[in-house]
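Take a look at this one; I'll ask things after.
The values are calculated or read from the model by the stated rules, or taken from the named source; none is laboratory data. Everything numeric in this text was worked out from a predicted model, so none of it was measured. All Cβ positions, even for glycine, are placed from backbone atoms using ideal geometry, and neighbour counts span all protein chains on display.
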Amino acid sequence: MEAVKAKNKTFKKLGFTYLETAEIVVSLNTLLANYQVFYNKLRNFHWNIEGPDFFELHEEFENEYNTVKENIDVVAERIRVFGVKSNFTFKKTLELSKIKEQEKEISALEMVREVLHDSMLDAVNASLETGDVVTENMITGFMTELEKRHWMFTSFLK
């Protein structure tokens, strides 16, 4: 009986049930973990790029990690709006992230392919299912940036 009451209870500030809130926050925590691993990967690529495309990719990876750094803060603050603290350790981040670290040395072109391969915006589904328009708009903005990045890096690889 208590579970039914909790299921139907609304989150005072935003009007979502506790279960809807939990679904959104879980998906945002995964997004946050993905972004944090992706940020670290981009920093490593920025520091370790070599070859004839060094100057161009060094700058592009810096642009990318700066964008990701901003997105990390936006996602963490969105989680706080739901009354939940984002208390991430490196261990927890690596466990939650669908994006994996790159531990071996790879070429500049492989770095670009890896950046294109990493996807992290599954959280949009939870926002659509719960009617969380604010989170949906936030993630849609991220998707717009990612689509442009995908087009540019794909063009670079041709």
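Only one of 33, 76 is within 30 Å of residue 155 (Cα to Cα) and modelled with pLDDT of 90 or more; which?
On the way: 76 fails: within 30 Å of residue 155 (Cα to Cα).
Result of the check over 33, 76: 33.
Next up: Of the residues 101, 59, 129, 105, which is surrounded by fewer than 17 Cβ atoms within 10 Å (Cβ to Cβ), at negative phi, modelled with pLDDT of 95 or more and more than 13 Å from the chain's Cα centre (by Cα)? Outline the logic, then answer.
Details: 101 fails: modelled with pLDDT of 95 or more; 129 fails: modelled with pLDDT of 95 or more; 105 fails: modelled with pLDDT of 95 or more.
Residue meeting the stated conditions: 59.
Mind telling me which of the residues 120, 111 ends up being touching a Phe, Trp or Tyr at 6+ places or on another chain (Cβ under 7 Å), in a helix (DSSP H, G or I) and surrounded by 12 or more Cβ atoms within 10 Å (Cβ to Cβ)?
Matching residue, one of 120, 111: 111.
Shifting gears a bit: Out of the stretch 131-154, which residues are part of a loop (DSSP other than H, G, I, E, B) and among the small types (Gly, Ala, Ser)?
Of everything in the stretch 131-154, just one residue is part of a loop (DSSP other than H, G, I, E, B) and among the small types (Gly, Ala, Ser), namely 131.
Also: Can you tell me which residues in the stretch 38-87 are part of a loop (DSSP other than H, G, I, E, B), within 27 Å of residue 23 (Cβ to Cβ), in contact with a helix residue (DSSP H, G or I) (Cβ under 7 Å, 6 or more places away or on another chain) and not β-branched (Val, Ile, Thr)?
82, 86
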